[in-house]
2 protein chains.
Amino acid sequence: MRNRFDQELEQLNNELIEMGALIERAIGDASRALLEKDLELAKKAIEHGGLVDDKEKQIERRCLRLLLQQQPVATDLRMVSTALKMITDMERIGDQAEDISEITIRLIDEQYIDSLQHIPAMAHATTRMVTGAIDAFVARDLDRARAVIACDDIVDDLFVQVKDDLIRLIRADSANGEQAIDLIMVAKYFERIGDHATNIAEWVVFSITGEHGNERII
Amino acid sequence: MRNRFDQELEQLNNELIEMGALIERAIGDASRALLEKDLELAKKAIEHGGLVDDKEKQIERRCLRLLLQQQPVATDLRMVSTALKMITDMERIGDQAEDISEITIRLIDEQYIDSLQHIPAMAHATTRMVTGAIDAFVARDLDRARAVIACDDIVDDLFVQVKDDLIRLIRADSANGEQAIDLIMVAKYFERIGDHATNIAEWVVFSITGEHGNERII
């Protein structure tokens with residue numbers, strides 16, 4: 001029984017790593033597609049977003065079956081319940097990569113109104129956060145998880161800067177309004193990705209320490 | 001043992017109902033504060049959002065302890081794992097009510113650029129969705145849960161209309177740009193609330209039928 005459970009846990013771990021690789025690709029492709037106006041890459045990011053959804057369902061089923069059939073305790077239970085919470089945030093990152101790519105596709109024939117100075121910085125910072133959170137999970141690396149959590153403020157500040165840039169551009173020319181609204185959405189999606197990466201990192205901390213948001217749970 | 005577990009489940013149920021009441025109030029207050037420019041109510045919505053966070057932590061701890069100490073099976077397990085997923089969406093609704101209210105407070109001394117025709121419709125529709133999802137959970141009402149899920153498209157369509165309204169307003173006067181960007185954020189938050197209410201309703205369906213997104217899980 002124990003061996004079977006260990007095998008199942010290992011498979012769960014592998015599936016989480018696979019899902020992590022998928023969201024890393026989805027967000028990486030979505031960022032690059034936006035900045036390089038690459039239609040094919042934007043479509044690929046949407047495709048990857050769909051695969052992330054499938055993976056979430058698969059892992060969710062595995063977790064619920066594990067809880068049901070194997071009735072894990074202590075550390076094992078913590079691992080399964082962490083997985084169950086983590087995949088929600090991972091799936092949302094996939095959704096946001098899709099949302100960004102849909103805007104990219106809509107803007108594909110337009111010239112950007114903005115030099116996109118702060119948006120690439122957001123793309124870069126959030127991609128690093130996602131990769132960091134996944135790496136922290138894989139390596140059970142508490143310091144790495146905490147470093148991800150510390151990055152969230154930088155992304156929030158960048159969002160405010162993007163917003164200010166766009167307001168300036170609208171003031172300069174109201175014809176910029178339509179694209180400005182698309183770009184503020186893009187910035188908001190990146191900000192959310194930062195939030196979700198932070199949540200994932202917090203779940204990694206929980207899975208290692210049993211503490212979530214400075215509180216001991218189990 | 002069984003009796004103790006039933007008691008614990010009932011407490012969990014009550015806590016979910018309390019959390020539901022809190023998010024209903026948070027979103028109701030946030031909507032009314034926005035439309036009526038009511039500073040005190042906006043502050044109250046933010047306060048309620050904070051209480052929602054506390055409640056989430058409390059329920060999360062209870063669920064994890066229940067899984068650990070009581071090792072539920074079948075329907076009971078489904079109930080606990082549903083709760084664990086539902087509270088994530090409930091907590092996000094609280095966050096979004098806070099986000100909306102922060103913008104309300106920022107705009108409190110400004111005249112709205114828009115007659116806010118479609119935003120109140122979004123506020124109304126999403127508040128109904130949240131209430132519907134909570135009611136469906138309390139009454140274990142499958143039809144009600146499915147009705148909530150069906151409403152999501154209406155909210156998505158309203159978001160597109162708000163966006164079009166705001167682009168028109170920016171074109172008419174670029175000085176509208178700053179507020180337009182705040183209002184598109186408000187609309188986006190309402191759209192997200194609709195998404196989260198849909199997720200909650202899907203979890204209610206799962207807790208009753210064992211099916212999530214047309215797939216049988218356990």
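The values are calculated or read from the model by the stated rules, or taken from the named source; none is laboratory data. Just so it is clear, the structure is predicted and the values come from calculations on it, not from any experiment. Glycine gets a Cβ as well: all are built from the backbone with ideal geometry, and neighbour counts include every protein chain shown. Side chains included, ligands, DNA and RNA excluded: accessible areas come from the protein's heavy atoms. Shrake-Rupley method; radii C 1.70, N 1.55, O 1.52, S 1.80 Å.
Numerical summary
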| quantity | calculated |
| --- | --- |
| 7 Å along Cα→Cβ, label-point gaps from residue A:112 to other copies, nm, shortest first | 3.4 |
| Rh (Kirkwood; distinct C-alpha pairs) - the range A:86-180, Å | 15.2 |
| At 7 Å out from Cα toward Cβ: residue B:142 inter-copy label distances (nm, ascending) | 4.8 |
| Residue pairs, from the table A:163/B:55; A:57/A:188; A:37/B:57; A:188/B:57, whose Cα atoms sit over 31 Å apart | A:163/B:55; A:37/B:57 |
| Probe 1.4 Å, protein heavy atoms only - accessible area per residue of the range B:6-141 in square angstrom | 39 |
| Approximate spin-label separation residue A:164-residue B:7, in nm, with each point projected 7 Å along Cα-to-Cβ | 5.7 |
| Calculated label separations, residue B:47, copies of the chain, 7 Å along the beta-carbon direction, nm | 5.3 |
| Per-pair calculated FRET efficiency, R0 = 22 Å: residue B:108 and residue A:171 via Cβ, rounded to 0.05 | 0.50 |
| Accessible-area value, residue B:43, 1.4 Å probe, nucleic acids and ligands omitted, Å² | 100 |
| Buried on assembly, the range A:124-173 (at least 20 Å² less accessible surface than by itself, 1.4 Å probe) | A:163, A:167, A:170, A:171 |
| Whole-Hz couplings from phi, Karplus 6.51/-1.76/1.60, listed for the range B:91-97; x for Gly and Pro | 5, 5, 4, x, 4, 5, 4 |
| Extension reserve of the residue A:156-residue A:51 stretch, reckoned as 0.36 nm per residue once the Cα distance is removed | 35.0 nm |
| Minimum Cβ-to-axis distance in chain B for the rotation onto chain A, with residue, whole Å | B:174, 2 |
| Solvent-accessible area buried by B and A, counting both chains, probe 1.4 angstrom, square angstrom | 4200 |
| Cβ charges +1 (Lys, Arg) and -1 (Asp, Glu), total dipole of the range A:79-218, debye | 380 |
| Isotropic mean projected area of the C-alpha convex hull, chain B (nm²) | 11.9 |
